Every structure is written in C-alpha cells, then in structure tokens.
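Bear in mind these aren't lab numbers, they're just calculated from the coordinates by the rules spelled out. Small disclaimer: the values here were computed from a predicted structure and weren't measured. With ideal geometry, Cβ positions are generated from the backbone for all residues, glycine too; neighbour counts draw on all protein chains shown.
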Amino acid sequence: MRSTVLAAPGDIRSVELDDPGLQAPTDALVRVRAAGICGSDLWAFTGVAQRAAMQAIGHEFVGEVTAVGAEVRGLRVGDEVAAPFSWSCAECPPCREGWTSSCSDGGFFGRTSGAGGAQSEFVRVPHADGTLLPLPPGTLSDERRTVNVLLAGDVLATGRHAVEIAGVGAGTRCVVVGDGSVGLAAVTMARRAGATHITVLGHHRARMARAGEADRVVDSRSTGWFDDLVRSRPDAVLDCVGTADTTDLAVSVVGDGGTVGVVGVPHGVRTAPVAAMFRHNIGIRYGIAPARRYLPELLDSITGGSLDASFLVDRHLELRDAAKGYAEMAERTTLKAVLWPQG
Ligand SMILES: [Zn+2]
Ligand SMILES: [Zn+2]
C-alpha cells in the first residue's frame, strides 16, 4: 500500500509498504478515505519532536472498515467510520472516566512504536470497538462532510477540549491564542458554548481572515493590543500554541479568577508563571484532548448540519503528494491540507 513516512526531519516520502494485517482479535483494518496533515505532524517534520527514522506518519483519518478481528462486536466490514487520533480500549479506568487519550492500553497513530500512520491507504486500528465510531451509511459520500468528520477526530475535538478545560460557557469573555487550525476551531467551539466576546490573537492575516466567528481579530505584530486585552479582563484564555511565550502571555492577559486552558502541545515550557497565578487567582489546565469522548457530540452536529468547519481546510492533495502539503504548511502558505488516497 501507499504510505507516508518521515525518513528524517524535513524529509517526507511517499513509499510502498506492506498492507497491514490484523494482529489482535480486537483489531480492525480501515481503508482510508481522507487523511489530514496536522500541526503536530509539523513539529516532527521540523525536527522539534522526535520520531523514529522512517516512522509512518499521520493520525487523522476517516474511512471504511475492510476487516475485523474475531472479537470485534460493534463494527462490520463496509462500515464508514470516524476515528480519534489515538486508540483506546473503552474498558480501563481512564477510558471509563472519559480520559480516552490516557487509555492504559492505548497509543497514537503515526507515533507509537509499531503503529501505522494515517497518511496511508490502510490503517490497522487496535481496540477497534473502543476507538472507531460507525457513521450513518453514505456519510462519506459527500466531500465536505468527509472533511468535517476528519476534523472531528482531532482539530475540532481539541478545540472542544480547550473550551472544556478553560471553563468557557454562556457569556464567557475569551481570548484564543493562535491562528492555526486548532485556534480557529477553538473559536468555533467557544461560540457554540455561548461565549459572548471572543478575541483571536495571531499574526497570519490570511488565516485570521478565516476566524469569522470571532468578535475581534488582533494581529500580534501590531501595537497596543496587549494593554487592550488586559483591560478586557477575559474570563478564559485558550492557548492553542503551547510555547513558553504563549502560555506566559495567556497568564498575563487573563482576568483575575480566570482560567487558562492549554491544548497546544507544550514545547520549551519548564515552569508555570506561578507568582502571577497566585497573585491573581488564575487557574491553568493543560491537556491532550480525549478526542474519542467528544466524537459522538461532534458527529451529531456535523451530520445534523449545525457544524461545518470545512473552512479550516484550504488544500486538497492526492496521498502521493503529501510532501507538498508538509512543505506548504511549514511555509504557512497552507493552513491545513487533506490527503485523498483514491485521488
Ligand atoms: Zn493532529
Ligand atoms: Zn482504555
């Protein structure tokens, strides 16, 4: 099968690998209909995050089931399925409490040793019953809906989680730090949660133009915005970048008694700014999204027509052209690329 591997930092290759087979009776195989390139794949691409050489990459996918192990109960060959970026058993204590990304027998597509990458024609899915969510038949016959289901498994779930951990609800004044696809998804999710004043802070004009649901878009390269944001006393700041600078910024901007929620993968962060947090009663929560927990709610909204985040995808490529998508996203000329194995 065709698959995408990270040969070394900066070197994405489209290669032929053996088709994956079922390894455990709880596995399923999925033929990938569409796969996303994620901002977190870029951390590996640029060498900031470590990967084994020739690691098959990618963790965002949707598709249809082509084989199931003997112990898989809730899925059949031919089912169209949505998937979160990590697999989870649904039975261990963290899974039962909804922390599916902490599954004691879980792992991450495109990252955990031995796991297949999603930017491939086929993916083996461990704990298929706990991980995959069957879709109404025909869901993936529509390209826009397919893109939305794909986004639900990571970007939308992560935006949704930012809203959750930062305590965004009706009437919340919130600031979203970051104009990448997760930041823009967080804007959409904050609006759905009832936030009334949403400011997005970034510095890519073309991207911020897509933040249509924000009340205010602030270019971090302009002047005067910092004092303005502090004066606006936001209840919640959603850090969708995760560097030491953005988290420090989030803590300095949030109002007294407010909460900072960090869903950007932390890079270079050593300590929290505890003195400011203590002085101003600021809470801070970090967290990888338990994406599987949010999938049913997001898919209901997508299939019901009330959620359309397809504006987050501005590039469609054939699977074999994955390297082009990585290069464009690294140069920031593309916000988010989707790869289509069947062209
Ligand atoms: Zn991702
Ligand atoms: Zn589990």
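For this structure, a couple of remarks:
- Fraction in percent of alpha-carbon pairs per bin - 10 Å, region 198-249: 21, 60, 18
- Globularity ratio of the chain, using Cα Rg and 2.2 N^0.38 Å: 0.97
- Estimated inter-spin distance, Glu16 and Glu91, nm [label 7 Å along Cα→Cβ]: 3.9
- For Glu318, residues with placed amide H under 5 Å, excluding near neighbours: Trp340
- Vicinal HN-Hα couplings computed from phi for region 164-175 (Karplus, 6.51 cos²θ - 1.76 cosθ + 1.60; Hz; Gly/Pro x): 5, 6, 8, x, 6, x, 4, x, 5, 8, 9, 10
- Whole-angstrom gap from region 74-140 to region 278-343, using each part's C-alpha centre: 17
- Extreme residue, positive dipole direction of region 159-286, given options Thr271, Ala186, His203 (C-beta unit charges): Ala186
- Rounded to whole numbers, the Karplus 3J(HN,Hα) couplings from phi for region 139-149 are 4, 8, 7, 10, 5, 5, 5, 4, 4, 5, 5 Hz, using 6.51 cos²θ - 1.76 cosθ + 1.60 with θ = phi - 60°, and x at Gly and Pro.
- Size of electric dipole in the chain: Cβ of Lys, Arg +1 and of Asp, Glu -1, about Cα centre, debye, nearest 20: 540
- Put simply, the Cα atoms of region 223-329 extend 51, 35, 28 Å along their principal axes, the longest span coming first.
- Protection-proxy order for peptides 12-23, 248-259, each taking the mean of Cβ atoms within 10 Å per residue, highest first: 248-259, 12-23
- Just checking the listed ones, Ala28, Ala195, Ala170: in the Gaussian network model of the chain with Cα springs under 10 Å, the one fluctuating most is Ala170.
- Rg over Rh, two decimals, region 159-286 (C-alpha only, Kirkwood Rh): 0.92
- Maximal additional length on extending the Ser104-Thr66 stretch stands at 11.0 nm, based on 0.36 nm per residue less the C-alpha distance.
- Within the listed set Val260, Val168, Val48, the residue fluctuating most in the Gaussian network model of the chain (springs between alpha-carbon atoms under 10 angstrom) is Val48.
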